[in-house]
Amino acid sequence: MERPITIAVAGNPNSGKTTVFNHLTGARQHVGNYPGVTVEKKEGACRWNGRDFHVVDLPGTYSLTARSLEERVARNFVINERPDVVVDIVDASNLERNLYLATQFIELGVPVVVALNMIDVAESQGEHIDEELLSRLLGVPMVPTVATKGKGIDALLEAVVSLVEAAGGPEIQIRYGPELEPHIEELTAKVEASGQAGELNPRWVAIKLLENDDEVNTRVFDDGDNGLLEQVLATRAHIEQVIGDDTEIAIADRRYGCDY
Ligand code: BGO
């Protein structure tokens, strides 16, 4: 028998995540806590088109910077439990803000399907979203949904199954423009050579080090001095001097797709 496909349902608060989760799992769900923390963990199951799915509802987050408990829980689940697919529920009527989280899953290198939820709201505001173009630009499947009506949920599961069968992660890399890219690439090579990334994507680790991410700092630097720390500090200082902004802000701005 084929093993169930594990889906982690992610998204900004109020994107319709719970509505999608309920549609997928119906009454087949139970509530517990993520290990060691008082963050509620909803899990459920569904069967569709002859396949079984294990569905985990991640805490609603705007980002994966691991600054809040919810972000840490969502990020660690994806990194440590390695769900087959992250289904990122995006509020299509508030696309720019919601795609910020999607870019971070893409950067993590995990298989992602984006649900363009609340497409009814976007359309009622006169917006037309070209999901094929958006899908090509971000390198991940995009499925329009109206979760309250169950519209697009079958197509969402179909996209999940296709992705699992193709065993594919995102096809593109989020790029950070000519000022930051050379530094990210140089640091990525150093992270790779150091062997400190473990099973993580070295480019993701390099970006997180530049962002001064506490958890990644601990993971990489607690093993003693491996030469990376000096490089990270020097790169950060250089970026701040050239761009005139904090490195973390410079990275976030470019992730939002400002024109650089
Ligand atoms: C209320 N379309 C529309 N129009 N609404 C949607 C869609 C969609 O595709 N998907 C979800 N909603 P959650 P998080 C509500 O609860 O799933 C609505 O935080 C109300 N409640 O019904 O909770 C959904 O889990 C009173 O709306 O989001 C919900 O991500 C009046 O979006 C809201 C109006 O969905 C958030 C709406 C008492």
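Pairs of Lys residues in the chain, spaced 8 or more positions apart or belonging to different chains, with C-alpha separations under 22 angstrom: 6 in total. Under 5 Å from the amide H of GLY11 lie the amide H atoms of THR61, ILE89, each residue being 5 or more positions distant or on a separate chain, with H modelled from the backbone and absent for Pro and chain starts. Sorted from longest to shortest, the spans of the Cα atoms of the chain along the three principal axes equal 53, 43, 34 Å. Shown here are the Rg and Dmax of the Cα trace of the range 1-44, at 11.9, 37 Å. In order along the range 73-86, the Karplus-derived 3J(HN,Hα) couplings, from 6.51 cos²θ - 1.76 cosθ + 1.60 at θ = phi - 60°, round to 5, 5, 5, 5, 4, 5, 6, 8, 8, 6, x, 5, 9, 9 Hz, and Gly and Pro are given as x.
Would you list ASP245, ASP91, ASP154, ASP222 from the most to the least accessible area, probe 1.4 Å? Working shown, then result.
Numbers: ASP245 60, ASP91 20, ASP154 95, ASP222 115 Å².
Ranking ASP245, ASP91, ASP154, ASP222 by accessible area, largest first, yields ASP222, ASP154, ASP245, ASP91.
Pick out, in residue order, every one of the GluC sites (Glu not before Pro) in the range 109-171 that is DSSP loop and has at most 12 other C-beta atoms within 10 Å; say none if there are none. When the GluC sites (Glu not before Pro) of the range 109-171 are filtered for loop state and at most 12 Cβ neighbours within 10 Å, GLU127, GLU171 remain.
When the solvent-accessible surface of protein heavy atoms is calculated with a 1.4 angstrom probe, in what order do HIS30, HIS23, HIS128 fall, highest first? Walk me through the numbers before you get to the answer.
Working: HIS30 110, HIS23 90, HIS128 155 Å².
Accessible-area ranking of HIS30, HIS23, HIS128, largest first: HIS128, HIS30, HIS23.
Between amide H atoms placed 1.01 Å from N, distances below 5 Å from VAL143 occur with VAL114, ALA115, LEU116, all of them 5 or more places distant or on a separate chain. Taking one quarter of the surface of the C-alpha convex hull of the range 177-256 gives a mean projected area of 4.9 nm².
With a 10 Å radius around each residue's Cβ, average the other Cβ atoms per peptide and rank 238-244, 59-65, highest first. Spell out each step's value before the answer.
Working: 238-244: 13.3, 59-65: 20.1.
Highest to lowest by the protection proxy: 59-65, 238-244.
The trypsin sites (Lys or Arg not before Pro) of the range 1-83 meeting both criteria, a DSSP state outside H, G, I, E and B (loop) and at most 14 other C-beta atoms within 10 angstrom of the site's C-beta, are ARG28, ARG67. For the range 108-260, the gyration tensor built on C-alpha atoms gives a prolate shape. Its axis ratio a/c (a ≥ b ≥ c) is at least 1.5, and a/b is the larger of a/b and b/c. Converting phi to 3J(HN,Hα) with the Karplus coefficients 6.51, -1.76 and 1.60 and the offset θ = phi - 60°, the range 173-185 yields 10, 6, 9, 10, x, x, 6, 8, 3, x, 5, 5, 5 Hz in sequence order, with x at every glycine or proline.
Within the listed set GLY198, GLY50, GLY11, the Gaussian network model of the chain (springs between alpha-carbon atoms below 10 Å) gives the highest mean-square fluctuation for GLY50. Computed with a 1.4 Å probe over protein heavy atoms only, the accessible surface of the range 5-166 comes to 43 Å² per residue. 3J(HN,Hα) couplings calculated from phi for the range 135-150 with the Karplus curve 6.51 cos²θ - 1.76 cosθ + 1.60 (θ = phi - 60°) are, in sequence order, 5, 5, 5, 9, x, 9, x, 10, 10, x, 9, 10, 4, 4, 9, x Hz; Gly and Pro show x. Ranking of LEU116, LEU95 by solvent-accessible surface, largest first: LEU95, LEU116 (1.4 Å probe, protein heavy atoms only, all chains present).
The values are calculated or read from the model by the stated rules, or taken from the named source; none is laboratory data. In this text the structure is predicted, and so the values were computed from the model without any measurement. Positions of Cβ are backbone-derived with ideal geometry, glycine not excepted, and every protein chain shown enters the neighbour counts. Side chains included, ligands, DNA and RNA excluded: accessible areas come from the protein's heavy atoms. Shrake-Rupley method; radii C 1.70, N 1.55, O 1.52, S 1.80 Å.
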